[in-house]
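Working notes for the structure below.
The values are calculated or read from the model by the stated rules, or taken from the named source; none is laboratory data. Note that the coordinates shown come from a computational prediction; the quantities given were computed from them, not determined experimentally. Using ideal geometry, Cβ is built from the backbone for each residue, glycine included, and neighbour counts are taken over all protein chains shown.
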Amino acid sequence: MRIADAGRHRLQRRPRDLAEPDGALGGAGLQTGRQRVSRPGKRAADGGAYRPALTDACRPTIGWLNRLAFPGGTFDCCLRPRRLEWRDNNSAMREPEMSDISVHHRACHLCEAICGLTIQTEGERILSIKGDPLDSFSRGHICPKAVALQDIQNDPDRLRHPMRRCGDEWQAISWEEAYELVAERLAEIRERHGSNAVAIYQGNPSVHNYGLTTHSNYFLGLLKTRNRFSATSVDQLPHHLTSHLMYGHGLLLPVPDIDHTDFMLILGGNPLASNGSIMTVPDVEKRLKAIRARGGKLVVVDPRRSETAAIADQHLFVRPGQDAALLFGLLNTLFEEGLTRASELPLDGIEEVRTAIAAFSAEAMSARCGVPAEQIRQLARDFAAADRAVCYGRMGVSTQAFGTLCQWLVQLINLVTGNLDRVGGALCTEPAVDLVETTKGGHFDAWRSRVSQLPEYGGELPVAALAEEMLEPGEGQVRALITVAGNPVLSTPNGRKLEQALDGLEFMLSVDFYINETTRYADVILPPTAPLEHDHYDATFNLLAVRNVTRFNLPVLPKPEGALHDWEIFIGLAEAYAGRVGVELKPTMPPQQMMDLALRHGPYGDKSERKLSLAALEDYPHGLDLGPLKPNLARRLKTPNKRIQATPALMLDDLQRFAAQPQAGADELLLIGRRHVRSNNSWMHNYQRLVKGKPRHQLLMHPTDMAARALQDGQRVRVHSRVGVVEVEALASEEMMPGVVSLPHGWGHARPGVQLDIARQQPGASCNDLTDERQLDVSGNAALNGVTVQVSAA
Ligand SMILES: Nc1nc2c(c(=O)[nH]1)N[C@H]1C(S)=C(S)[C@@H](COP(=O)(O)OP(=O)(O)OC[C@H]3O[C@@H](n4cnc5c(=O)[nH]c(N)nc54)[C@H](O)[C@@H]3O)O[C@H]1N2
Ligand SMILES: Nc1nc2c(c(=O)[nH]1)N[C@H]1C(S)=C(S)[C@@H](COP(=O)(O)OP(=O)(O)OC[C@H]3O[C@@H](n4cnc5c(=O)[nH]c(N)nc54)[C@H](O)[C@@H]3O)O[C@H]1N2
Ligand code: SF4
Ligand SMILES: [Mo]
């Protein structure tokens, strides 16, 4: 047996112009050898061919990024019938000299960092998963979750067949049977109760899996329901709304130019645990340390001295949910002390901002945010004094009561200091598949939810309303639910209420490969192939990356007999449903073909010198660097007058809500969340490799808060909120700001019927049994941080 890869690269000269050298990353744009043996590009004559009844282009959508449509128009040229086919290594013809061991290169899709991996397989067995040093973006970085990709592959709890629930039992059924059952039940419920009676929830992995991005709406769109929900509204909705209002497109999201900045101010993000968010930044620790190494400064604002705060030059505790006060104080100081820089960006309304926040001085805001006024002023001076600075706010400031105000203020601070759209400040990407160019900017509050009148954004309602839409009787009540790659029982506020609602549904379908806390309520579960069994193009996170990057990777492992990819499942569902209700389906094509078209029509495609296509990307298994981010915002603005709107009316209105907010009682504890590098939301706790070691589920609490309640370190405590109570061990931690407690989300798996053997044995409770579906930002995003709780001995 030989290892087919080592030393056997068929080094290929880099096509001229494809890689752009840039000193910043040392070797960025480095061309790599194409690995002949690991490239299963040769298809057996007829292998892997898919012959659906229908053909070509549909308009795929993005779940988590608000289901923004791909450009139908750009595909029109291809609207002719053609056989659908895609490359899969299923049918890869092995070359005679090939050994059983192959080496594959693939981006990790588990979090937003998209690290390059090198995966060695022998037949269908995974031998090793390592960081890929030849990936110029991630530079060999890897975290423990990627190694657990093999555990997902091998997990006996992972579903391999469509399942139908019969009482408390699950029965494997055929795909055809499953499709027919789903089509029949959904058609019947829609017929009886109308189209809004079927709700949809799309979870986070929907945007880490491009086949879901391109094809879920092929079926879901047929249902024409206004009750669409996703993880967006427990996450980054304030970012989209802010960009929509200020820049005219919800995806025009400036990201920190971390590799070139001299001063980074992070509020409510812990990239050392999360590896970055709305900032695709593999190898983030080194990149943050590099800021300091080149004489710059890192400041972290967080109610917990997080892992990121621990490596910062300065850490400021802030009262949870009160970052807006700190940001108002900063902006006010910048104006008041004349620390602003003129911008050449086309801009409307900046003077209105100055007037609107005139009363929000550092001194006036200090008591609310808990940061001394002089520290707020000094921070503003330091930020303004830096040649290139960037302010960045993430989960901690998005998922709180003033998430949208916070994101607006973050934009304004970058803007008035001249750091918006500037190298070393905040810049927008120019990705190879450019959804900003090819889609409309989104809409907000075009309709509202039935029960609580919450506004839609981009066609989705806030998920905090999902349970009440099922529970509240009346016309338009939700009777059926489809979940796709999600676990809202553990990931959305008031999970217990949602459980009660799910229990009363007439029908539920889940597209997922686990029977988890949510899918256990389903009548039918359709499991897709495992991640390494399908190809990968990152349609979402290239858009948010700190460099312009792109890559396409073929599957690492063959698709098992009888298994289907997510996108194929959605075509199957669409065909069955359309057949039943007598609707004609639009033609579609496989994700690979869509991505190829999108690349060829994109900024580096047919009309550019690079001529990127999917086939061209196959020559870059380690990814292709398209260069550093550059100023482009003025050109990309999509507001009606093509000017930045500095004071959207919604922000001014919300400012009143902020000013009127009652102060929390001094003796109240405020609950915040937490992430750990070995955990991934609610779904990666079933792998021994990740859950072993020190437990990470505990409630962190400052020793003085414990002493005040006569609690001992490690003791089991009862945590109460308006919506519920959980029991969990409390851990004394000097990391916590006094008055604040921290509990990670995604735990609490020991619920009846959950078929996750290892996860079920883990201690811990669900943080979202405490979070409150009534605590919302103006966007409708859930305020998961800053929840009032009481803690007592259990
Ligand atoms: N209190 C609190 N709550 C939070 C957060 C917090 O910080 N605090 N964070 C929020 C955030 S940012 C997010 S994104 C959400 C996440 O919330 P969700 O998206 O609802 O949940 P996940 O835990 O990501 O569950 C993912 C599910 O997708 C399945 N899955 C994985 N890959 C695939 C695939 O390729 N195809 C299919 N069909 N299924 C797949 C898994 O088996 C799992 O069941 O949680 C939110 N909830
Ligand atoms: N290992 C791992 N990586 C992940 C995930 C995961 O579950 N595990 N999830 C992925 C997903 S879906 C997302 S969206 C990203 C999120 O990535 P990040 O945005 O980096 O989120 P967190 O790591 O939760 O960090 C949030 C920080 O905000 C702080 N915080 C809480 N409340 C407040 C507040 O009111 N004000 C301020 N200033 N800070 C506050 C918390 O203490 C915490 O340190 O991570 C992604 N990466
Ligand atoms: S940091 Fe994220 S992308 Fe990188 S290896 Fe870990 S899970 Fe994968
Ligand atoms: Mo997220």
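Quick notes
- Among residues that are of a type in the set (Gly, Ala, Ser), surrounded by fewer than 24 Cβ atoms within 10 Å (Cβ to Cβ) and more than 13 Å from ligand 1 (Cβ to nearest atom), Ala539 is not included.
- Being crowded, with 24+ Cβ neighbours inside 10 Å and either within 16 Å of Leu633 (Cα to Cα) or modelled with pLDDT under 95 (or both) holds for only one residue in Thr261, Thr214, Thr242, Thr232, and it is Thr242.
- Sub-6 Å Cβ pairs linking a first residue in segment 427-451 that is on the phi > 0 side of the Ramachandran plot to a second residue that is assigned to a strand (DSSP E or B) and not hydrophobic (A, V, I, L, M, F, W, C), at least 6 apart or interchain, are Asp445/Pro455, ordered by first then second residue.
- Residue within segment 202-209 that is out of contact with any helix residue (DSSP H, G or I) (no Cβ under 7 Å at 6 or more places or on another chain) and more than 16 Å from ligand 4 (Cβ to nearest atom) present: no
- Restricting segment 395-448 to residues that are within 16 Å of ligand 4 (Cβ to nearest atom) and in a loop (DSSP other than H, G, I, E, B), the residue that is farthest from Leu626 (Cα to Cα) is Gln400.
- Search result, residues across segment 574-604 that are in a loop (DSSP other than H, G, I, E, B) and free of Cβ contacts under 8 Å to residues at least 60 places away in the same chain: Gly582, Glu584
- Here Thr647 meets each of (1) buried (at least 18 other Cβ atoms within 10 Å of the Cβ); (2) away from ligand 1 (no atom under 16 Å from the Cβ); (3) outside any loop (DSSP other than H, G, I, E, B); (4) not small (Gly, Ala, Ser) with one exception, condition (3).
Each row is one residue, and each column tells you yes or no for (1) within 25 Å of Val556 (Cβ to Cβ); (2) in the same structural domain as Gln755 (by the TED database); (3) basic (Lys, Arg).
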{"residue": "His622", "(1), (2), (3)": "yes, no, no"}
{"residue": "Leu637", "(1), (2), (3)": "no, no, no"}
{"residue": "His676", "(1), (2), (3)": "no, yes, no"}
{"residue": "Ser679", "(1), (2), (3)": "yes, yes, no"}
{"residue": "His685", "(1), (2), (3)": "yes, yes, no"}
{"residue": "Arg689", "(1), (2), (3)": "yes, yes, yes"}
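- The condition of being assigned by the TED database to the domain that holds Cys108 and at pLDDT 95 or above holds for only one of Ala172, Ala197, Ala148, that being Ala148.
- Scan segment 131-164 for residues that are of a type outside the set (A, V, I, L, M), away from ligand 1 (no atom under 16 Å from the Cβ) and farther than 14 Å from Ala107 by Cβ and the total you get is 3.
- Candidates His720, His676: the one that is surrounded by fewer than 21 Cβ atoms within 10 Å (Cβ to Cβ), under 25 Å from Gly269 (Cα atoms) and not basic (Lys, Arg) is His676.
- Cross-chain or 6+ apart pairs with Cβ under 6 Å, segment 772-793 first and more than 19 Å from Arg496 (Cβ to Cβ), then within 12 Å of ligand 2 (Cβ to nearest atom) and β-branched (Val, Ile, Thr): Asn785/Thr399; Asn785/Ile672
- Candidates Arg354, Arg341, Arg381, Arg388, filtered to the one that is touching a His at 6+ places or on another chain (Cβ under 7 Å) and away from ligand 2 (no atom under 16 Å from the Cβ): Arg388
- Residue that is surrounded by the most Cβ atoms within 10 Å (Cβ to Cβ) [pool: residues in segment 456-482 that are assigned to a strand (DSSP E or B) and more than 21 Å from the chain's Cα centre (by Cα)]: Leu481
- Residue, farthest from Val789 (Cα to Cα), within segment 749-771, restricted to residues that are of a type in the set (Gly, Ala, Ser) and buried (at least 18 other Cβ atoms within 10 Å of the Cβ): Ala759
- Check on Ile119, outside any strand (DSSP E or B), surrounded by 19 or more Cβ atoms within 10 Å (Cβ to Cβ) and out of contact with any Leu (no Cβ under 6 Å at 6 or more places or on another chain): no
- Scanning segment 468-496 for residues that are basic (Lys, Arg) and farther than 24 Å from Ile569 by Cα yields one hit, Arg496.
- The condition of being of a type outside the set (A, V, I, L, M), more than 16 Å from ligand 3 (Cβ to nearest atom), surrounded by fewer than 19 Cβ atoms within 10 Å (Cβ to Cβ) and in contact (Cβ under 8 Å) with a residue 40 or more places away in the chain holds for Pro695.
- Of the residues examined, Gly250 is not one that is within 11 Å of Met395 (Cα to Cα) and either assigned by the TED database to the domain that holds Leu347 or more than 16 Å from ligand 2 (Cβ to nearest atom) (or both).
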